[in-house]
Structures are given as structure tokens and as C-alpha cells.
1. I need the full set of residues from segment 100-113 which are without any contact (Cβ under 8 Å) to a residue 40 or more places away in the chain and at negative phi, in order please.
2. With the checklist (1) farther than 14 Å from T113 by Cβ; (2) modelled with pLDDT of 95 or more; (3) out of contact with any helix residue (DSSP H, G or I) (no Cβ under 8 Å at 6 or more places or on another chain) in hand, flag the one item P43 doesn't pass.
3. Pick from A66, A82, A32, A40: which is part of a helix (DSSP H, G or I) and either crowded, with 16+ Cβ neighbours inside 10 Å or without any contact (Cβ under 8 Å) to a residue 60 or more places away in the chain (or both)?
4. Could you list, in sequence order, the residues of segment 94-117 that are exposed (fewer than 13 other Cβ atoms within 10 Å of the Cβ) and of a type in the set (K, R)?
5. Quick one: which residue in A116, A50, A95 is without any contact (Cβ under 8 Å) to a residue 60 or more places away in the chain and among the hydrophobic types (A, V, I, L, M, F, W, C)?
6. When you look at S87, is it among the hydroxyl-bearing types (S, T, Y), part of a helix (DSSP H, G or I) and surrounded by fewer than 17 Cβ atoms within 10 Å (Cβ to Cβ), yes or no?
Amino acid sequence: MALGRGSAMVALMFLVLHSEMAHAATYTVGDANGWTFNIAGWPRGKRFRAGDTLVFNYSPGAHNVATVDKAGYSACKTPKGAKVYNSGSDKIKLAKGINYFICNFVGHCESGTKIAIRAL
């Protein structure tokens, strides 16, 4: 049975999407230690892609996760409108480019509870 042009396009789109999803990985930030102090070096040696998921595990009330820009990361400040997670098991998909995350509890970012991840 021959596929029409529209059906072939739908099939091609399905294969592309399925292929991208199959390559997405899930990373637990900090591995067994979770999202904690002195974690800024955790991404070293890992290769991240847009669409990969980061899982931030921590005790709610002890930390949080704020998605910030480069300036917020460098200054350990959460800009207005930044998304702040506080569930203790946050799942965040990486966007292409550099993704910045900090804990915005007083002193935590300054103590290394922050990561910058480049996703290809």
C-alpha cells in the first residue's frame, strides 16, 4: 500500500520526534548526594543535550532550585520572574545553550549550591 504525501510526512515527523525522545537522558544532580553544597563542579565530564532532564533531589525547606540567567548565577541573585522550584524532587528539562540553576536560600549559592550546564 502506497502512502500519500501527507501520510509520509506524518510518518517522517513521528520518526524524528521518536528519535529525539529516545536520546533524551535523565541526570540526578549531585548523584547520590543530591542538590547540596559544593556541587558547582558536578556537571564536569558530562555531555548534556537539549531535552535532557535534570532531577534535583533535596529536603524541602533545606534548599530550592531557581532557574536564573548568567547575571543571576554570577551574583547569586534570583531575578524577578525567575522560576523557583521547591518540591524536593524537581524535574527540569534543559534548553539548548547554557542553563543556570541556583539555590536562593541565603548563603547557599555562595556556598556552591549552583550549577551551569551547557546543553547541545
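The values are calculated or read from the model by the stated rules, or taken from the named source; none is laboratory data. Because the structure is a prediction, the values reported are computed rather than measured. Cβ placement follows ideal geometry from the backbone for every residue including glycine, while neighbour counts extend to all protein chains displayed.
1. Taking segment 100-113 and keeping what is without any contact (Cβ under 8 Å) to a residue 40 or more places away in the chain, we get 100, 102, 106-107, 109-110.
If the condition is that a residue be without any contact (Cβ under 8 Å) to a residue 40 or more places away in the chain and at negative phi, then Y100, I102, V106, C109, E110 are the ones that fit.
2. It is condition (1) that P43 fails.
3. Details: A66 fails: part of a helix (DSSP H, G or I); A82 fails: part of a helix (DSSP H, G or I); A40 fails: part of a helix (DSSP H, G or I).
The conditions single out A32.
4. Passing the criteria: only K96.
5. On the way: A116 fails: without any contact (Cβ under 8 Å) to a residue 60 or more places away in the chain; A50 fails: without any contact (Cβ under 8 Å) to a residue 60 or more places away in the chain.
Of A116, A50, A95, the one residue that is without any contact (Cβ under 8 Å) to a residue 60 or more places away in the chain and among the hydrophobic types (A, V, I, L, M, F, W, C) is A95.
6. Details: among the hydroxyl-bearing types (S, T, Y): yes; part of a helix (DSSP H, G or I): no; surrounded by fewer than 17 Cβ atoms within 10 Å (Cβ to Cβ): yes.
No, not satisfied.
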